[in-house]
Amino acid sequence: MIHETVVTTVTPEGKPHIAPMGVRQQGDTFLLMPFLPSATYDNVISTGCAVVNFTTDVRVFAGCVTGRRTWPTVAARHVRCVRLADTLAHAELRLASVEYDSQRPTLVMECVARCTNAPFTGLNRAQAAVIEGAVLISRLTMLPREKIDAELAYLSIAIGKTAGPRELQAWQWLMDAVHAFFARPAEADHVPTEEAL
Ligand SMILES: Cc1cc2nc3c(=O)[nH]c(=O)nc-3n(C[C@H](O)[C@H](O)[C@H](O)COP(=O)(O)O)c2cc1C
């Protein structure tokens, strides 16, 4: 099972970096699989730690894939890293080993602390739609336009029926990014690939 989370890391100088990432959990072991090149990967290799944030604030997911990468963070307690200031829960991780791969290595990380910061208030369809939309937007150059349009049209139903202010703002950022992408003259780099389908 993969959970869509927000991974926070720091550079060796302590500068925070925030990236949405799917993580696998096996007990106290977390597997992170960044595509290279990756700032997250570089930071984990340099510092040996990361924090996985479990948040329902989907603005962070939509924001990071549309260039809004700065979100408030606070220091983690058990590793020299940061967590999102506004996250329902988080897990503080130390690097245990690396399964090297030239495209997508696996960072095998051990959980040293799990913290709950706020109650989970339930599932929301618009939040799931924003996550799906954010994944689509991160693959704009790889997918055929018809697929993007069809999927966004379907996802927008859940937005219209169930979104709150955060989800509406996140969805708007995604829509702005899609419109800007297809308004560009250089559609030459829009080459659908089998893998992305
Ligand atoms: C829901 C979601 C899940 C993602 N999962 C991954 C992932 O598992 N691995 C990855 O490399 N990028 C993933 N991405 C894309 C990254 O967030 C994005 O490419 C980011 O910039 C990672 O690169 P970085 O480590 O250089 O920041 C995901 C994006 C979204 C919206």
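The values are calculated or read from the model by the stated rules, or taken from the named source; none is laboratory data. From a predicted model like this one, the values you see are computed outputs, not experimental measurements. Please note: Cβ atoms are built from the backbone with ideal geometry, for glycine as well, and neighbour counts cover all protein chains shown. Each accessible area value is taken on the protein alone, full model and side chains, heavy atoms only, with ligands, DNA and RNA left out. Shrake-Rupley method; radii C 1.70, N 1.55, O 1.52, S 1.80 Å.
Tell me which residues, restricted to the range 4-39, are under 11 Å from the mean Cα position of the chain (by Cα) and near the ligand (Cβ under 10 Å from one of its atoms).
Hits for the range 4-39 are E4, T5, V6, V7, I18, A19, P20, M21, G22, V23, P34.
So, in the range 101-114, exactly how many residues are open to solvent by less than 30 Å² (accessible area, probe 1.4 Å) and either away from the ligand (no atom under 16 Å from the Cβ) or under 19 Å from V178 (Cβ atoms) (or both)?
Summing the residues that are open to solvent by less than 30 Å² (accessible area, probe 1.4 Å) and either away from the ligand (no atom under 16 Å from the Cβ) or under 19 Å from V178 (Cβ atoms) (or both) in the range 101-114 gives 2.
Considering only the range 166-187, state which residues are among the charged types (D, E, K, R) and within 13 Å of G133 (Cβ to Cβ).
Across the range 166-187, the qualifying residues are E167, D176.
Counting only residues that are within 12 Å of the ligand (Cβ to nearest atom) and loosely packed, with under 14 Cβ neighbours inside 10 Å, how many does the range 46-100 have?
1
Run E13 past the list (1) buried (at least 21 other Cβ atoms within 10 Å of the Cβ); (2) more than 30 Å from D176 (Cα to Cα) and report the number of the one that doesn't hold.
In the conditions (1) buried (at least 21 other Cβ atoms within 10 Å of the Cβ); (2) more than 30 Å from D176 (Cα to Cα), E13 misses (1) alone.
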